[in-house]
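Report on the structure given below.
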């Protein structure tokens, strides 16, 4: 039996049988935004050839890991305040799961920087492509929010994504102008 493409594209995230709760969705979107913004912020100051080595990879991975831990901790504290009770082990694991989008923001940029470090790609090009991938993720925020809400993309979703991409691109362009 062939999968229903419409359900696949507009159904709940991945293989879940039901959509995420609003609290989990909000936590994941928050992690997605934090991860992308902070990874872009980590990439921007990498300007010298020395930083196009293991140091650049370490900066991106360190930023992702520290942001992941901070986000999971902050969300856990927030949940404790909201509920007035200490989190159970399961709730703590759920907070870690909801923070995973922070880590996903670093995967492709760190991989591209590592490929440049290994000499398989010009390191400067690897960094620019890494920045472009993060800009694309930032631009997709409207689509992610809509998907978590179970909404179909609209023209407004697309236009909002273009604005987000424009702002993120302007940040990178200013960096290039000021540092090169």
Residue list for region 135-145, restricted to those being modelled with pLDDT of 90 or more and surrounded by fewer than 16 Cβ atoms within 10 Å (Cβ to Cβ): 136
Please state which one of 115, 132 is over 16 Å from the mean Cα position of the chain (by Cα), part of a helix (DSSP H, G or I) and surrounded by 15 or more Cβ atoms within 10 Å (Cβ to Cβ). 115
Enumeration of residues in region 146-170 that are modelled with pLDDT under 80 and within 17 Å of the chain's Cα centre (by Cα): 148
Count of residues meeting criterion [surrounded by fewer than 18 Cβ atoms within 10 Å (Cβ to Cβ), without any contact (Cβ under 8 Å) to a residue 40 or more places away in the chain and farther than 11 Å from residue 39 by Cα] in region 91-112: 6
Does at least one position in region 71-90 carry a residue that is modelled with pLDDT of 90 or more, surrounded by 14 or more Cβ atoms within 10 Å (Cβ to Cβ) and closer than 20 Å to residue 135 by Cβ? no
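The values are calculated or read from the model by the stated rules, or taken from the named source; none is laboratory data. Bear in mind that the values here come from a model prediction, so they are computed numbers and not experimental data. Glycine gets a Cβ as well: all are built from the backbone with ideal geometry, and neighbour counts include every protein chain shown.
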